[in-house]
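The values are calculated or read from the model by the stated rules, or taken from the named source; none is laboratory data. It should be emphasised that the depicted structure is a prediction, and the values quoted were computed from it without experimental measurement. Here the Cβ positions follow ideal geometry from the backbone for every residue, glycine too, while neighbour counts run over all protein chains shown. Heads up: the accessible areas ignore ligands, DNA and RNA and are worked out on the full protein's heavy atoms, side chains in. Shrake-Rupley method; radii C 1.70, N 1.55, O 1.52, S 1.80 Å.
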Amino acid sequence: MRYAQGGGLTDAKRAARERIRLEAVGRFESGAKNREIAAALRVSERSVERWRRQWRERGEEGVRSKGSPGRPRLSTDQLARLERELERGPLAHGWADQRWTLARVKTLIGRLFHVGYTVEGTWRLLRSHLNW
């Protein structure tokens, strides 16, 4: 599925999708076939096959939403610590000059929190959460 510019699903739409997946679980338990479930829930058979596999492997939790992929992976406390560390400057973290680059900030995040960001993700994090 393609999403509109700048978006994925809203929390409300994600919850609605999860309700559909959980309804499919009820139908799996009653022995319904993938084709019947897909038609009743107005989704593709491929989706139903994927949900059934996830349900067999991990139970109901396997089909639940994992949350928004765009949510920040750093907690509020971690963001505050990152800001303090950035204020200390690049020299304090072993770089030869006082220029923060996105690549350096990305590396710092990895060192401090063992979380991987892309350079673009680092830019978005700095812009949206730290107002840099």
Six or more apart or on different chains, Cβ atoms under 8 Å: show the pairs whose first residue is in region 93-114 and farther than 17 Å from Arg81 by Cβ and whose second is at pLDDT 95 or above and among the basic types (Lys, Arg). Trp95/Arg104
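Could you grab me the full set of residues in region 58-101 that are in a loop (DSSP other than H, G, I, E, B) and modelled with pLDDT of 90 or more?
Going residue by residue through region 58-101, those that are in a loop (DSSP other than H, G, I, E, B) are 64-75, 89-90, 94-101.
The answer is Gly89, Pro90, Gly94, Trp95, Ala96, Asp97, Gln98, Arg99, Trp100, Thr101.
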Filter region 49-60 for residues that are touching a Phe, Trp or Tyr at 6+ places or on another chain (Cβ under 9 Å) and closer than 23 Å to Asp11 by Cα; which is most open to solvent (accessible area, probe 1.4 Å)? Trp55
Do you know which residues across region 85-101 are open to solvent by less than 80 Å² (accessible area, probe 1.4 Å), closer than 22 Å to Arg124 by Cβ and not hydrophobic (A, V, I, L, M, F, W, C)? Glu85, Pro90, His93, Thr101
So which residues in region 11-57 are free of Cβ contacts under 8 Å to residues at least 12 places away in the same chain, assigned to a helix (DSSP H, G or I) and aliphatic (A, V, I, L, M), if there are any at all? Ala12, Ala16, Ala38, Ala39
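Can you name every residue in region 102-130 that is of a type in the set (S, T, N, Q) and either exposed (fewer than 14 other Cβ atoms within 10 Å of the Cβ) or at pLDDT below 90 (or both)? So that I can check it myself, show each step before the final result.
Looking only at region 102-130, we keep the residues that are of a type in the set (S, T, N, Q), and these are 107, 118, 122, 128.
Residues satisfying the conditions are Thr118, Ser128.
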